[in-house]
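One structure below.
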Amino acid sequence: VATITSIQSTLVTSKYQPSTKVKAADGVYDWDCSGMAAWILRRSAPSALKTLHSSRPVARDFAQAIERAPVKKPHNGWQRIAQLADVMPGDVFAWRRPRGMPSKNTGHVGFVLDRPRPVDGMPGAWAVQIADSTSSYHQDDTRSSDPDGGFGIGTLVFLTDESGRATSYGWSGTRSEWYIVT
């Protein structure tokens with residue numbers, strides 16, 4: 001979270017792009033979601049990043065690391081959180097590209113910034129403030145007036161099953177018209 005706060009406080013410009021170009025001293029953060037996640041982990045949790053076994057991990061690699069991680073205690077910098085209600089600021093979230101999605105991306109990855117909040121009138125739905133890099137916007141998104149996307153903060157909604165495990169997401173937070181299973 002400290003690294004994300006530092007990005008927020010120094011941010012001058014950001015652009016969503018597949019290559020990572022950061023000049024933190026100048027406030028420039030150009031990257032996609034996985035480039036952002038790798039850059040942040042390199043500074044805050046290098047041992048977790050190392051276990052991804054890739055010099056340029058993509059969203060799918062982050063999702064696999066979470067899936068392989070134990071629930072009981074951390075291993076190699078990763079611990080899977082069994083119930084969405086238990087995620088904490090600084091936790092990584094990731095999913096693979098859902099079936100049928102035309103995107104060439106392998107999925108999406110970002111960081112939780114605040115404890116999940118239950119959504120009124122939607123049992124099993126949780127609103128979560130997150131930080132990510134994207135070219136499209138979330139609810140209450142800091143990028144809403146930026147045509148280039150890039151680093152930003154917004155709200156997603158996750159739907160959970162009976163055990164509290166996330167099963168779907170709503171890209172536009174509580175304003176989502178549909179939820180995507182992943």
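Computed from the C-alpha gyration tensor, the three semi-axes of the ellipsoid equivalent to the stretch 1-100 are 24, 16, 13 Å, from longest to shortest. Cross-link pairs exceeding 27 Å between alpha carbons, from the set 23/72; 50/72; 15/73; 23/50: 23/72; 15/73.
Here's the picture: charge each Lys and Arg Cβ at +1 and each Asp and Glu Cβ at -1 in the stretch 79-182, and of 103, 119, 84 the one pushed furthest to the positive end of that dipole is 103. Annotation for the stretch 1-68 versus the stretch 82-119: alpha-carbon center distance of 15 Å.
Where Rh denotes the Kirkwood radius from the mean inverse Cα pair distance, what is Rg over Rh for the stretch 62-131? My calculation of the ratio gives 1.00. 3J(HN,Hα) along the stretch 162-168, derived from phi through the Karplus expression 6.51 cos²θ - 1.76 cosθ + 1.60 where θ = phi - 60°, amounts to 4, 8, x, 7, 5, 10, 8 Hz, with x in place of Gly and Pro. With a ≥ b ≥ c the root eigenvalues of the C-alpha gyration tensor of the stretch 98-161, is it rounded (a/c under 1.5), prolate (a/b larger than b/c) or oblate? Oblate is the answer for the stretch 98-161, as a/c is 1.5 or above yet b/c matches or exceeds a/b.
Residue 50 sits among other residues whose Cβ lies under 15 Å from its own Cβ, and their net charge, with Lys and Arg +1 and Asp and Glu -1, is +3.
Residues whose amide H comes within less than 5 Å of that of residue 122, counting only those at least five positions distant or on another chain, are absent (H built at 1.01 Å from N in the peptide plane). Here's how it looks for residue 150: its modeled amide H is under 5 Å from those of 16, 134, 135, which are all 5 or more places away or on a different chain.
Stokes-Einstein diffusion for the stretch 76-182 at 10 °C, viscosity 1.306 mPa s, with a Kirkwood radius from C-alpha pairs, works out to 112 µm²/s.
Using the rule -39500 (n - 2.57) for each DSSP H run of four or more residues, divided by the residues of the chain, the 222 nm mean residue ellipticity is -5500 deg cm²/dmol. Projecting the Cα positions of 48, 31, 16 onto the charge dipole of the chain (unit charges on Cβ atoms of Lys, Arg, Asp and Glu, taken about the Cα centre) puts 48 furthest along the positive direction. Residue-wise HN-Hα couplings along the stretch 144-156, as the Karplus relation 6.51 cos²θ - 1.76 cosθ + 1.60 with θ = phi - 60° gives them from phi, are 3, 10, 10, x, 8, x, x, 5, x, 10, x, 10, 10 Hz; Gly and Pro carry x. The residues of the chain present an accessible area of 54 Å² per residue when probed at 1.4 Å with all protein chains retained.
Against the empirical 2.2 N^0.38 Å (N residues), the chain has a Cα radius of gyration ratio of 0.97. Dipole check for the chain: with +1 at the C-beta of Lys and Arg, -1 at the C-beta of Asp and Glu, and the Cα centre as origin, the magnitude is about 740 Debye. Summing charges over all other residues whose Cβ lies under 11 Å from the Cβ of residue 149, with Lys and Arg as +1 and Asp and Glu as -1, gives -4. Taking the accessible area of the chain, probe 1.4 Å, and keeping the other protein chains in place, the carbon and sulfur fraction comes to 51%. Long-range amide H contacts for residue 139: which residues qualify at under 5 Å (H placed 1.01 Å from N, peptide plane, sequence gap of 5 or more or a different chain)? Under 5 Å from the amide H of residue 139: 155, 173.
The values are calculated or read from the model by the stated rules, or taken from the named source; none is laboratory data. Remember, predicted model here, so these are calculated numbers, not experimental data. Positions of Cβ are generated from backbone atoms using ideal geometry, with glycine treated the same way; all protein chains shown enter the neighbour counts. With ligands, DNA and RNA removed, areas are computed over all heavy atoms of the protein, side chains included. Shrake-Rupley method; radii C 1.70, N 1.55, O 1.52, S 1.80 Å.
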